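Worksheet: the structure to be examined is printed underneath.
The values are calculated or read from the model by the stated rules, or taken from the named source; none is laboratory data. The structure displayed is predicted, hence computed values, not measured ones. Note that we place each Cβ from the backbone using ideal geometry, even for glycine, and neighbour counts take in every protein chain shown. Each accessible area value is taken on the protein alone, full model and side chains, heavy atoms only, with ligands, DNA and RNA left out. Shrake-Rupley method; radii C 1.70, N 1.55, O 1.52, S 1.80 Å.
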Number of protein chains: 2
Amino acid sequence: MTIISTGTSTPESAAAWRAALAEAALRGEDVVWFSLDGTEPDEAEAREAGVAVSVAHAQERGRDAVGDLLEHAERVGASRIVVGVRHRSPVGKLLLGSAAQQIILEARVPVVCVKP
Amino acid sequence: MTIISTGTSTPESAAAWRAALAEAALRGEDVVWFSLDGTEPDEAEAREAGVAVSVAHAQERGRDAVGDLLEHAERVGASRIVVGVRHRSPVGKLLLGSAAQQIILEARVPVVCVKP
């Protein structure tokens, strides 16, 4: 089975990537870095975790990169999707990003939300 | 370590409970059913999964049951929190419930979102 990690250059995505590797190592699964902005994963981290990694990209002409991610998750029979979210500060009124919210609401598999 | 499952009488919570038991069995952890509405867990399911379960409740006078859950998660050093969310229908514009959103944004540990 495969674990999908959202792939962007943000600290949130880096947290998702590390969490995906840890889950994959525990479960004996592989990880797909689903690149939402062209960023490539740190393959050295994957080697260190002993996890096989591949990279997938949103369709070039796709206007809905998150939809592409969800489709890809179904196509490969992903066991779960890991997304990074920002931590809300005690005074902040931060709302969950629309991409994270779309993934959480529309994915047919469990979605693991992690923070940097 | 401990996995916290939100505990209510909804189908979403039932999904969270089953996912929490599966995660706990895989990781060799126990589960806390954090009852948000007084509901008790199905202990037979836990026995079948071979997972130790305990029940915690929001503070009687607490006005913020989700805050109580997050505090409890920190107190017991929970490894993750499992919450149930509704699936968005293709035409629906369902937003993530405020309780789920609060847990995802404020928890210091990974939050696993599952659907019935």
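Just to verify a result, which residue in the range B:34-59, among those that are open to solvent by less than 10 Å² (accessible area, probe 1.4 Å) and not aliphatic (A, V, I, L, M), is farthest from the chain's Cα centre (by Cα)?
That would be B:35.
Hey, which of the strands (runs of 3 or more DSSP E) in the range A:16-116, taking only ones fully inside, have at least 2 residues that are away from chain B (no Cβ under 14 Å)?
Details: elements: A:30-35, A:53-57, A:80-84, A:111-114.
Ranges flagged: A:30-35, A:53-57.
Within the range B:5-31, track down each residue that is open to solvent by 10 Å² or more (accessible area, probe 1.4 Å), over 23 Å from residue A:79 (Cα atoms) and in contact with a strand residue (DSSP E or B) (Cβ under 9 Å, 6 or more places away or on another chain).
Of everything in the range B:5-31, those that are open to solvent by 10 Å² or more (accessible area, probe 1.4 Å), over 23 Å from residue A:79 (Cα atoms) and in contact with a strand residue (DSSP E or B) (Cβ under 9 Å, 6 or more places away or on another chain) turn out to be B:8, B:10.
Would you pick out the residues in the range B:1-13 that are more than 9 Å from the chain's Cα centre (by Cα) and assigned to a helix (DSSP H, G or I)?
B:11, B:12
Of all residues in the range B:72-94, count the ones that are surrounded by fewer than 14 Cβ atoms within 10 Å (Cβ to Cβ) and either among the hydroxyl-bearing types (Ser, Thr, Tyr) or at pLDDT 95 or above (or both).
Here the count works out to 4.
Does residue B:2 qualify as being at pLDDT 95 or above and either among the hydroxyl-bearing types (Ser, Thr, Tyr) or in contact with a strand residue (DSSP E or B) (Cβ under 9 Å, 6 or more places away or on another chain) (or both)?
Yes, satisfied.
Please count how many residues of the range B:95-116 are touching a residue at least 60 places away in the same chain (Cβ under 8 Å) and either on the phi > 0 side of the Ramachandran plot or open to solvent by less than 30 Å² (accessible area, probe 1.4 Å) (or both). Quick ask: steps written out before the conclusion?
First, the residues of the range B:95-116 that are touching a residue at least 60 places away in the same chain (Cβ under 8 Å): B:99, B:103, B:112, B:114-116.
If we keep only those that are either on the phi > 0 side of the Ramachandran plot or open to solvent by less than 30 Å² (accessible area, probe 1.4 Å) (or both) too, we end up with B:103, B:112, B:114.
Residues meeting the conditions: 3.
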